[in-house]
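Since the structure comes first, as structure tokens, the remarks are kept for the end.
The values are calculated or read from the model by the stated rules, or taken from the named source; none is laboratory data. The model shown is predicted, which means the values in this text are computed figures rather than measured ones. Here the Cβ positions follow ideal geometry from the backbone for every residue, glycine too, while neighbour counts run over all protein chains shown. Areas reflect the complete protein model, heavy atoms only, side chains present, ligands, DNA and RNA absent. Shrake-Rupley method; radii C 1.70, N 1.55, O 1.52, S 1.80 Å.
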Amino acid sequence: MQFKKSLGQHFLIDNNIKNKIVNLLQIENDESVLEIGPGDGALTEIIYKKCKNLILVEKDNRFAELLKSKFPDIHIFNEDFLKWDFKNFYNLKVVGNLPYNVASQIIFKLIKNIERWKIGVFMVQKEVADRIVASHGSKDYSILSVVCQTFCNVIKAFDVSPNCFKPKPKVVSSVVKFQPKSIEISDFNKFFNLTKAIFYGRRKKLINVFKKNPFLKFNDEFINHVISMYDENIRVEQLKVEDFVELYLYWAYDDVKHY
Ligand code: SAM
């Protein structure tokens, strides 16, 4: 079969790495596992033997057909995960060697549906993994860092060389493990929009971002509150993940007043 570059098709061929990824999921045999982008089934074959209920979402119909013939008794959805409806699936463990061009979007969709799953193990480009786990003040600190770390405990487990794939990608990959945590934020979109507005200027002073960002308007009362909470010279990249949550809770508490 021809590989489709547009679908990020780099297939894992290293058995040691396949096993290491699946082991991070710590699957019990009565659990349900969702695999995103199973391709020709490199990870699927191992997971299949370990769990009761396996759900696959694969966009490429050639691979979806192949998987249906290999695994006739599991749920296979020939769909774009970004449009896929979670249906009645809950309490999932989620895994995927994610297509690089949409990896962040897939992660945002999963976080938006955080009540559906309890552990996630994903292979992404190393650069993306570095952003997922970056701390405030570092060059990789971004919207992705704040959103992932607000909703989950995240750890970078290990790097994977391009030699472990066919065809070989140009970049190193990393495996990241996510564990959802309980938090007070019920509206993902609102938190995402606030984070995006603040990151309008990661090197700018926080106060200026609230006054000048093009995405959201903040009233004087909110801006005065921010001035009272933070050093007037603090810059966006210095804000900790907890600060974003605190700002969100103050801002979102009273829609009418702050929107
Ligand atoms: N799991 C296989 C492995 O580890 O060898 C394949 C991984 S490959 C990096 C990414 C897979 O995701 C491909 O099979 C590709 O067709 C599929 N894919 C790409 N975009 C997708 C999307 N939006 N929704 C679901 N699957 C997608």
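See the values below:
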item: Apportionment of accessible area to carbon and sulfur, the chain, percent (1.4 Å); result: 47
item: Surface per residue (accessible, 1.4 Å probe) for the stretch 201-253, Å²; result: 59
item: Nearest-ten-degree value, helix 220-229 long axis tilted from longest Cα axis of the chain; result: 80
item: Extended-chain gain in nm, criterion 0.36 nm per residue less alpha-carbon gap, Tyr250 and Lys168; result: 24.8 nm
item: Accessible-area ranking of Lys217, Lys168, largest first, probe 1.4 Å; result: Lys217, Lys168
item: Projected area, mean over directions - the stretch 84-238, Cα convex hull, nm²; result: 10.7
item: Crossing angle, helix 61-70 versus the chain [Cα axis fit, 0-90 degrees, rounded to tens]; result: 50
item: For peptides 181-192, 36-47, 199-210, sequence by mean Cβ density within 10 Å, most packed first; result: 36-47, 199-210, 181-192
item: Relative contact order for the chain, counting Cα pairs under 8 Å that sit 6 or more residues apart, in percent; result: 16
item: Ordering of 118-126, 23-31 by packing [mean C-beta count within 10 Å, highest first]; result: 118-126, 23-31
item: Global size of the chain as Cα Rg and Dmax, reported in angstrom; result: 20.2, 63
item: R0 of 22 Å, Cβ-Cβ distance Ser182-Asn91: FRET efficiency to nearest 0.05; result: 0.90
item: 27 Å Cα-Cα threshold exceeded, pairs from Lys20/Lys109; Lys212/Lys240; Lys4/Lys50; Lys118/Lys217; Lys87/Lys156; Lys5/Lys70; result: Lys4/Lys50; Lys118/Lys217; Lys87/Lys156
item: Nearest-ten-degree value, helix 188-198 long axis tilted from longest Cα axis of the chain; result: 60
item: Potential extension, Glu127-Asp220 segment - 0.36 nm per residue separation minus Cα distance; result: 29.7 nm
item: Calculated FRET value between Leu82 and Met1, using beta carbons and R₀ = 30 Å, to 0.05; result: 0.85
item: Förster-model FRET efficiency, 35 Å R0, Lys112 and Lys49, C-beta, rounded to 0.05; result: 0.65
item: Equivalent-ellipsoid semi-axes of the stretch 158-241, from the Cα gyration tensor, Å, largest first; result: 36, 17, 13
